[in-house]
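The values are calculated or read from the model by the stated rules, or taken from the named source; none is laboratory data. Values in this document were obtained by computation on a predicted structure and should not be read as measured data. Neighbour counts run over all protein chains shown; Cβ positions are idealised from the backbone, glycine included.
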Amino acid sequence: MRNQTYSHIGNIFLLVMLVALPLFQTSSAEGGETEIIELGKWTKPGLETLMTESASAGGTGERIGFISAEFLGTPYVADTLTGDANTPEVFTIDLQGMDCFTYVDYVEALSLSDSFPDFEENLRKIRYKDGVVAFQNRNHFFSDWPVNNSDKVKDVTQVVGGDKTMSASKSLNQKKDGGLFLPGIPVKNRTIYYIPSSEIDGEVISNLQTGDYAGIFTEIDGLDVSHTGIIVKKGNTAYLRNASSKKSNMKVVDQNLIEYMQNKPGLVVYRPVGQGAN
């Protein structure tokens, strides 16, 4: 669940954001929508150059791999999105720091774009159902992606895992005690497919592709995954490229997938549409 249980934005952050407002470029988009845009070391022409260069990297997966590599070392920062049940959502691009979910948001949006306006439009469509910026429309859960963005990503967990794949019935957003992780967001009953970590072998690794989006399945009631990242293949080895909140990292890093998955329940795999099923 993005930015709320992964890293939920609350009133404390809103106060900090107001104090630190000069760090951000705020503007009103067409239609009166307020935006926060902080590009950090990037410029709009620089991002457009990245989009152009990535187009020659190869197919969809290679383009995602190319773009995601440019953000290696970017600091991990939680709570960069503004909005909750009582606070209006603000469309935000913050490339100076990101969490595990905003990282994959930005990479996916950039991989689909040829210009900065394209990037903004694609990010709205990826982050929000029907591209409508509102807290209630935000894709709070990783499994919201293939549901609300079926034209962009698909669940290939069963393709990758084959008969090793397992499933779990989840009531997303509902805590074990019956409360809600996110007030204002309805409970979503959903089946989550995952590959148990103990079953991730050479065959599973061979079925993964650079550019696949990975979720770390969680057994916690009400949640689908606890972390997200991007699969990067280097030879026969798979890595999880992710915005890591581990104290020894606190930045975007590559981690050996097999090693990372030790003591984790399992792996969920989504693949960009156009990358192929196998």
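Any residue at all in region 139-146 that is surrounded by 22 or more Cβ atoms within 10 Å (Cβ to Cβ), within 23 Å of GLY222 (Cα to Cα) and touching a Pro at 6+ places or on another chain (Cβ under 8 Å)? Taking every residue of region 139-146 in turn, none turns out to be surrounded by 22 or more Cβ atoms within 10 Å (Cβ to Cβ), within 23 Å of GLY222 (Cα to Cα) and touching a Pro at 6+ places or on another chain (Cβ under 8 Å). Within the bounds of region 102-116, is there any residue that is surrounded by fewer than 20 Cβ atoms within 10 Å (Cβ to Cβ), touching a Ser or Thr at 6+ places or on another chain (Cβ under 8 Å) and in a loop (DSSP other than H, G, I, E, B)? Looking for residues that are surrounded by fewer than 20 Cβ atoms within 10 Å (Cβ to Cβ), touching a Ser or Thr at 6+ places or on another chain (Cβ under 8 Å) and in a loop (DSSP other than H, G, I, E, B), one finds at least one in region 102-116, hence yes. For the criterion of being within 28 Å of VAL77 (Cα to Cα) and among the acidic types (Asp, Glu), ASP201 fails. Residues in region 237-278 that are charged (D, E, K, R), farther than 25 Å from ASP144 by Cβ and in a strand (DSSP E or B): LYS251, ASP254.
Is it the case that SER150 is in the same structural domain as GLY59 (by TED's automatic domain parsing), hydroxyl-bearing (Ser, Thr, Tyr) and within 20 Å of the chain's Cα centre (by Cα)? So SER150 fails the test. Among the residues of region 43-71, those identified as assigned to a loop (DSSP other than H, G, I, E, B) and farther than 21 Å from TYR270 by Cβ are THR43, ALA55, SER56, GLU70. For region 36-66, filtering for residues that are modelled with pLDDT under 95 and in contact with a Phe, Trp or Tyr (Cβ under 7 Å, 6 or more places away or on another chain) leaves 1. Listed by first and then second residue, the pairs linking a residue in region 180-195 that is without any contact (Cβ under 8 Å) to a residue 60 or more places away in the chain to a residue that is aliphatic (A, V, I, L, M) and assigned to a loop (DSSP other than H, G, I, E, B), with Cβ atoms under 8 Å apart and 6 or more places separating them unless they lie on different chains, are LEU180/VAL187.
Is it the case that some residue within region 258-266 is of a type in the set (S, T, N, Q) and under 14 Å from the mean Cα position of the chain (by Cα)? So far as region 258-266 goes, no, none of its residues is of a type in the set (S, T, N, Q) and under 14 Å from the mean Cα position of the chain (by Cα). The residue that is farthest from VAL159 (Cα to Cα), among those in region 206-224 that are of a type in the set (Asp, Glu) and more than 14 Å from the chain's Cα centre (by Cα), is ASP221. Within region 92-111, the set of residues being within 20 Å of PHE135 (Cβ to Cβ) and of a type in the set (D, E, K, R) comprises ASP94, ASP99, ASP105. When you check TYR239 against the structure, is it among the aromatic types (Phe, Trp, Tyr), in contact with a Phe, Trp or Tyr (Cβ under 8 Å, 6 or more places away or on another chain) and at pLDDT 95 or above, yes or no? Against the criterion (among the aromatic types (Phe, Trp, Tyr), in contact with a Phe, Trp or Tyr (Cβ under 8 Å, 6 or more places away or on another chain) and at pLDDT 95 or above), TYR239 does not qualify.
The rows are residues; the columns are (1) in contact with a strand residue (DSSP E or B) (Cβ under 7 Å, 6 or more places away or on another chain); (2) within 29 Å of THR52 (Cβ to Cβ); (3) in contact (Cβ under 8 Å) with a residue 24 or more places away in the chain; (4) not aromatic (Phe, Trp, Tyr).
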| residue | (1), (2), (3), (4) |
| --- | --- |
| ASP114 | no, yes, yes, yes |
| ARG124 | yes, yes, yes, yes |
| ASP130 | no, yes, no, yes |
| TRP145 | yes, yes, yes, no |
| ASN149 | no, yes, yes, yes |
| VAL159 | no, no, yes, yes |
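When region 233-257 is limited to residues that are aliphatic (A, V, I, L, M) and within 15 Å of the chain's Cα centre (by Cα), the one that is nearest to PHE181 (Cα to Cα) turns out to be ALA243.
Scanning region 197-236 for residues that are assigned to a strand (DSSP E or B) and in contact with a Lys or Arg (Cβ under 7 Å, 6 or more places away or on another chain) yields a count of 4.
In region 161-179, which residue that is part of a loop (DSSP other than H, G, I, E, B) and in contact (Cβ under 8 Å) with a residue 24 or more places away in the chain is surrounded by the most Cβ atoms within 10 Å (Cβ to Cβ)? If we take residues in region 161-179 being part of a loop (DSSP other than H, G, I, E, B) and in contact (Cβ under 8 Å) with a residue 24 or more places away in the chain, then ASN173 is surrounded by the most Cβ atoms within 10 Å (Cβ to Cβ).
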